[in-house]
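Worksheet: one structure, shown below.
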Amino acid sequence: MAGFQLTRLGLMMEPEPGNPFEVEGVLNPAGVRGPDGQFYLFPRLVAKGNYSRIGIARVKFNEAGDPAGVERLGIALEPEADYELRPDGSGGCEDPRITFGEDLQRYVMTYTALSRKGPRIALALSEDLIHWQRLGLATFRPYEGIEFDGVDDKDASVFPVAIPDPSGKPAMAILHRPLFPGTRPEETACDPASRVVDIHRESIWISYCPLSEAGDEPYYLSHFTSHSRLASPVAPWERLKIGGGTPPILTRHGWLVIYHGVCDSAESNAEVPRLCYSAGVLVLSKENPRVIRYRSPEPVLTPELPGERIGTIGNVVFPTAIDRRDDLGLPDRFDVYYGMADDRIGVARLDLPESLPPEALADPSGAKASLQIDDQSRAESRRGVPMAIREGPSSP
């Protein structure tokens with residue numbers, strides 16, 4: 001097998017007729033194996049007025065072992081805390097990811113809390129996937145003059161085992177992508193020809209909470225005290241923004257992460273930028289996840305089906321959950337669940353190659369990088385042809 005192969009398996013969930021909790025969409029689910037060995041999805045359910053809850057559903061499989069539907073089981077989390085609510089009555093618990101923390105022997109949910117301050121990362125713990133203990137909003141110490149607190153942040157997920165922090169101490173590590181002002185894709189699309197990427201403010205980060213300091217107080221697990229930059233935009237298909245996707249899952253090649261990238265869609269113009277969300281592959285070193293062993297030069301999934309191109313927000317495939325099929329005796333097969341155009345959920349099969357492909361993207365090392373994109377590169381962006389990159393001047 002030459003590279004990462006991903007095959008669509010079909011539609012998993014769409015809004016249930018007559019269900020007011022889902023009238024504006026069912027999307028971007030977390031997914032995890034429960035204590036009973038069954039696989040559960042935790043979709044974002046959007047009610048009228050963009051009011052989001054996190055549901056729970058049991059995945060049903062067909063005779064071939066492929067995901068074929070769900071059984072809805074109710075609500076796992078709905079806006080209750082002040083950091084999940086807005087004064088006008090709106091708010092939300094959105095876009096969860098769930099990992100079973102082996103060191104904690106509990107499930108860790110990261111989700112986006114939508115409050116008057118904007119989207120922020122929140123955490124919760126559970127022993128059974130039914131009862132959840134909120135830990136509050138994630139907090140982050142500054143890093144070399146970069147303030148993470150007070151910045152919009154989302155699409156976070158944690159590693160299932162302790163990861164060495166920059167000082168070598170075992171820590172609970174979280175992947176996240178702060179949305180610093182000026183770095184949203186709607187903002188970076190304003191200059192389609194070229195732009196300077198500030199890799200400290202446009203990157204996926206790994207942040208660490210030392211487990212030795214948590215003790216018996218679970219609320220400490222929401223406080224992250226050190227940080228490592230992981231990856232910034234490199235290829236045309238991700239030139240406007242990259243961000244988190246599925247939680248890290250260990251494979252024989254290292255930690256596998258299916259992440260998302262954003263570029264201009266074919267319908268874009270100078271007056272009305274239109275965006276295209278695709279999915280790519282990161283493989284991180286097992287021993288040191290700050291080291292990228294492989295990064296796909298091309299997306300492994302792009303919006304192609306009508307249900308991915310037309311919806312609440314068109315041209316979106318957004319990976320958020322992954323299931324290694326150990327239950328079938330297939331440790332190199334993964335089911336990837338993803339949001340379709342912000343109102344449905346699809347699933348695809350990812351087959352792990354026997355070895356990592358020889359071609360992989362390199363990430364710039366300086367504080368800034370200038371990405372030069374000509375007309376041909378923009379036309380080829382959804383085919384994944386790498387952009388020319390040169391390091392620019394350092395940040396002040």
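Using beta carbons and a limit of 7 Å, which pairs, at least six apart or on different chains, have the first residue in region 47-73 and closer than 18 Å to GLY18 by Cα and in contact (Cβ under 8 Å) with a residue 24 or more places away in the chain and the second one polar (S, T, N, Q) and in a loop (DSSP other than H, G, I, E, B)?
Sorted first by the residue in region 47-73, then by its partner, the pairs are GLY49/SER90; ASN50/SER90; TYR51/SER90.
Among the residues of region 218-247, which ones are out of contact with any Lys or Arg (no Cβ under 6 Å at 6 or more places or on another chain) and of a type in the set (S, T, N, Q)?
SER222, SER226, SER232, THR246
Which residues, taken from region 281-299, are open to solvent by 30 Å² or more (accessible area, probe 1.4 Å) and part of a loop (DSSP other than H, G, I, E, B)?
LYS286, GLU287, ASN288, ARG290, VAL291, GLU298
Which condition from (1) open to solvent by 10 Å² or more (accessible area, probe 1.4 Å); (2) part of a strand (DSSP E or B); (3) among the hydroxyl-bearing types (Ser, Thr, Tyr) is the one that THR312 breaks?
All conditions are met except number (2).
Would you confirm, using the coordinates I've provided, whether SER268 is modelled with pLDDT under 95, of a type in the set (Ser, Thr, Tyr), touching a Lys or Arg at 6+ places or on another chain (Cβ under 8 Å) and under 27 Å from ARG184 (Cβ atoms)?
On the way: modelled with pLDDT under 95: yes; of a type in the set (Ser, Thr, Tyr): yes; touching a Lys or Arg at 6+ places or on another chain (Cβ under 8 Å): yes; under 27 Å from ARG184 (Cβ atoms): yes.
Criteria met by SER268.
So which residues in region 232-268 are more than 22 Å from ASN28 (Cα to Cα), of a type in the set (A, V, I, L, M) and buried (at least 18 other Cβ atoms within 10 Å of the Cβ), if there are any at all?
VAL234, ALA235 - these are the residues of region 232-268 that are more than 22 Å from ASN28 (Cα to Cα), of a type in the set (A, V, I, L, M) and buried (at least 18 other Cβ atoms within 10 Å of the Cβ).
Give region 112-145 a look and list any residue that's part of a strand (DSSP E or B) and not aliphatic (A, V, I, L, M), or say none.
Step one: of region 112-145, the residues part of a strand (DSSP E or B) are 112-115, 118-126, 133-137, 139-140, 143.
Within region 112-145, THR112, SER115, GLY118, PRO119, ARG120, SER126, GLN133, ARG134, GLY136, THR139, PHE140, TYR143 qualify.
Give all pairs with beta carbons closer than 6 Å in which a residue from region 76-99 that is closer than 25 Å to GLY243 by Cα meets a residue that is assigned to a loop (DSSP other than H, G, I, E, B) and not β-branched (Val, Ile, Thr); count only pairs at least 6 apart in sequence or on separate chains.
Final answer for the pair search is LEU77/TRP132; LEU85/PRO79; GLY91/PRO79; GLY92/PRO79; CYS93/PRO79; ARG97/PRO247; THR99/PRO160; THR99/PRO247.
Can you pull out every residue in region 146-188 that is over 24 Å from ALA279 (Cα atoms), open to solvent by 10 Å² or more (accessible area, probe 1.4 Å) and in a strand (DSSP E or B)?
PRO164, PRO170, MET172
What residue, among those in region 350-371 that are modelled with pLDDT of 80 or more and among the aliphatic types (A, V, I, L, M), is surrounded by the most Cβ atoms within 10 Å (Cβ to Cβ)?
By that ranking, first place goes to LEU350.
Select from region 327-339 the residues that are open to solvent by less than 10 Å² (accessible area, probe 1.4 Å) and of a type in the set (A, V, I, L, M, F, W, C) and list them in ascending order. Let's see the steps before the verdict.
First pass over region 327-339, keeping only residues open to solvent by less than 10 Å² (accessible area, probe 1.4 Å): 334-339.
Hits for region 327-339 are PHE334, VAL336.
Suppose the filter is modelled with pLDDT of 95 or more, farther than 20 Å from SER52 by Cβ and of a type in the set (Val, Ile, Thr); does THR139 pass it?
It is true that THR139 is modelled with pLDDT of 95 or more, farther than 20 Å from SER52 by Cβ and of a type in the set (Val, Ile, Thr).
Restricting attention to region 44-51, does a residue exist that is basic (Lys, Arg) and within 15 Å of PRO67 (Cα to Cα)? Steps first, answer last, please.
Step one: filter region 44-51 for residues basic (Lys, Arg), giving 44, 48.
Cutting the leftovers down to within 15 Å of PRO67 (Cα to Cα) gives us none.
The answer is no, given that none of the residues of region 44-51 is basic (Lys, Arg) and within 15 Å of PRO67 (Cα to Cα).
Given the criteria over 25 Å from ILE322 (Cα atoms) and either at pLDDT 95 or above or in contact with a strand residue (DSSP E or B) (Cβ under 6 Å, 6 or more places away or on another chain) (or both), does VAL158 qualify?
Values: over 25 Å from ILE322 (Cα atoms): no; either at pLDDT 95 or above or in contact with a strand residue (DSSP E or B) (Cβ under 6 Å, 6 or more places away or on another chain) (or both): yes.
No; evaluated as a whole, the condition is false for this residue.
The values are calculated or read from the model by the stated rules, or taken from the named source; none is laboratory data. Quantities reported herein were computed from a predicted structural model and do not represent experimental measurements. Neighbour counts run over all protein chains shown; Cβ positions are idealised from the backbone, glycine included. With ligands, DNA and RNA removed, areas are computed over all heavy atoms of the protein, side chains included. Shrake-Rupley method; radii C 1.70, N 1.55, O 1.52, S 1.80 Å.
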